[in-house]
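To start, the structure itself, in structure tokens.
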Amino acid sequence: MHYFDNNNSFIGSETVFEYGGNVSWLSINEQVRPVAKTVRARLHFTIIALDNDASVSLTVDSVTFQKGEQNNLLFNPGFERNTRTSGIADGWGNWGSAGVPAHYRVVTTPVSSEKQAQQMAISNLPKDGMHNFFQDVAVTGGQPYTLSAQIATANLSKAKVQVIMHYFDVNNNFIGSETPFEYSGNTVWLSINEQVCPVAKTVRARVHFNVLAVDNNASGIVTVDSVTFQKGEQSNLLINPGFESNTRTSGVADGWGNWESAGVNANYRVVTSPVSSGKHAQQMSISNLPKDGMHTFFQDVAVTGGQPYTLSGQIATASLSKAKVQVIMHYFDVNNNFIGNETPFEYSDNTGWKSFQVQVKPPANTVRARVHFNLLALEDRASGTVTVDSVIFQRLK
Ligand SMILES: [Ca+2]
Ligand SMILES: [Ca+2]
């Protein structure tokens with residue numbers, strides 16, 4: 001980056017990215033800061049010879065230069081750009097083991113955010129067969145990163161879905177790997193959040209979403225959306241915990257689902273007032289609800305059974321009558337069996353923003369926790385409005 005003031009004087013520069021290896025498409029994401037008085041920035045892609053007889057062929061595409069700090073290191077992380085014919089969204093690659101036919105599709109349902117998600121399907125896969133899509137990202141070895149996403153699986157049989165990280169040094173040597181996430185059950189949108197650490201000397205990480213056959217005749221459908229890969233340890237296991245992203249039409253913010261008991265009409269809105277943090281919060285309202293009627297929004301999160309977690313957030317209630325707000329946890333094992341529940345928080349008064357923080361403990365064998373915010377009618381003709389914001393669900397440190 002070269003920076004110039006309004007007299008066209010060169011007043012500063014920075015070299016934000018360097019790479020000395022060979023690679024197919026590599027995503028790079030660098031924060032830059034023009035010096036004070038800069039009015040013009042010149043962005044260069046430069047090849048520099050380190051010795052005589054240097055050679056290279058460099059290709060660049062999909063350049064974005066925008067205001068602010070963009071933390072997600074991935075290109076096209078929500079699969080909204082799909083200009084190719086392979087069934088793989090722009091910026092992503094794919095790989096399958098020998099003899100495995102590829103079945104990739106960018107789909108419009110199910111979708112966790114905006115209009116599209118990446119899907120892969122397998123059928124009749126032999127044992128140990130693999131099918132994946134991936135993206136290469138420039139990273140710094142020895143530093144922590146966090147990968148989060150939403151995954152939905154259907155008809156998964158004799159197979160599991162995995163997140164696999166491969167690490168490469170500047171000479172393109174494969175120098176390490178880790179598998180921070182595995183799941184073999186069927187689930188609607190499940191939030192995953194995993195800390196990874198590229199080994200020392202890593203300059204390139206390949207993030208894979210993989211389906212592995214654990215036996216012959218494996219089959220299943222895996223859909224992925226809302227992937228974020230960012231620097232540092234991000235401990236909140238929820239996607240869209242502040243309800244800031246709202247690209248759907250249900251009134252329920254991206255990444256969250258909803259459920260109502262029989263005969264109860266859904267009434268959800270992402271509101272700009274009241275808001276505890278950011279610009280949006282999730283609201284739900286009930287009126288004339290019969291006794292024991294329920295109205296709820298939720299998110300599914302991958303957890304480890306037997307480990308304690310904390311859930312905190314901000315809740316505001318208005319006109320609450322004959323009803324209470326509840327935080328309800330449901331726990332499921334890998335076979336999708338309901339194996340436990342708890343209701344760690346209840347509130348029935350009217351209040352402006354009120355903080356809550358509770359500790360919960362999924363029973364052994366839990367692989368998926370469903371975090372609900374529920375409105376329960378205590379008597380007939382219950383009514384009220386509840387707004388939720390700034391939810392944090394994390395492992396107890
Ligand atoms: Ca999407
Ligand atoms: Ca918010």
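The values are calculated or read from the model by the stated rules, or taken from the named source; none is laboratory data. No experiment lies behind these values; they were computed from the predicted model shown. Here Cβ is always computed from backbone atoms with ideal geometry, including for glycine, and neighbour counts include all displayed protein chains. Keep in mind that these areas ignore ligands, DNA and RNA; they rest on the heavy atoms of the full protein, side chains included. Shrake-Rupley method; radii C 1.70, N 1.55, O 1.52, S 1.80 Å.
Worth pointing out:
- Using R0 = 45 Å, the C-beta based FRET efficiency linking F65 and T304 works out to 0.65.
- Antiparallel DSSP beta bridges within the chain, as percent of all bridges there, nearest 5: 95 percent
- FRET efficiency for the E14 to S123 pair, using the beta carbon distance and R₀ = 41 Å, is estimated at 0.20.
- Shape category assigned to the stretch 1-151 from the gyration tensor of Cα positions, a/c cut at 1.5: prolate
- Counting only residues at least eight positions apart within a chain, or on another chain, the lysines with an alpha carbon under 23 Å from that of K158 are K127.
- Straight-distance crosslink candidates among aspartates and glutamates, where the alpha carbon sits under 15 Å from K160 and sequence neighbours closer than 8 are dropped: D128, E182, D215, D333
- Between W25 and T46, the contour length at 0.36 nm per residue exceeds the Cα-Cα span by 5.9 nm.
- Each principal axis of the Cα cloud of the stretch 257-395 was taken in turn, and the coordinate range along them, longest first, works out to 40, 34, 21 Å.
- Under DSSP loop assignment and at most 14 Cβ neighbours within 10 Å, longest GluC sites (Glu not before Pro)-free interval of the chain: 70-232
- The chain, accessible area per residue, ligands and nucleic acids excluded (1.4 Å, Å²): 49 Å²
- Put the Cα centre of the stretch 157-187 next to the Cα centre of the stretch 365-397 and the gap is 32 Å.
- Of all stretches in the chain that contain no chymotrypsin sites (Phe, Trp or Tyr not before Pro) in a DSSP loop with at most 15 other Cβ atoms within 10 Å, the longest one is 66-397.
- Prolate/oblate/rounded label for the stretch 1-90 (Cα gyration tensor, a/c 1.5): oblate
- Sites V214 and S86 - FRET efficiency at Förster radius 30 Å, r taken between beta-carbons, to 0.05: 0.70
- With the simple model of a label 7 Å out from the Cα in the direction of the Cβ, S177 to A266 spans 4.0 nm.
- Here is the list for the stretch 191-298: trypsin sites (Lys or Arg not before Pro) lying in DSSP coil, each with at most 14 other C-beta atoms within 10 angstrom of its C-beta, are K279, K291.
- Solvent-accessible area, 1.4 Å probe, carbon plus sulfur percent, for the chain: 45 percent
- Full extension of the chain between S273 and N350 yields a length gain of 26.1 nm, computed as 0.36 nm times the residue separation minus the alpha carbon distance.
- For the stretch 257-395: relative contact order, % (alpha-carbon pairs under 8 angstrom, 6 or more apart): 38 percent
- Given K201/K361; K67/K115; K115/K324; K37/K115, the pairs whose alpha carbons are separated by over 30 Å: K201/K361; K115/K324; K37/K115
- Contact order relative to length of the stretch 283-362, as percent, for alpha carbon pairs under 8 angstrom and 6 or more apart: 38 percent
- Look at the alpha carbon pairs under 8 Å that are at least 6 residues apart: their mean separation over the length of the stretch 93-231 gives a relative contact order of 38 percent.
- Tensor-based shape of the chain (alpha-carbon gyration tensor, a/c under 1.5 rounded, otherwise prolate or oblate): oblate
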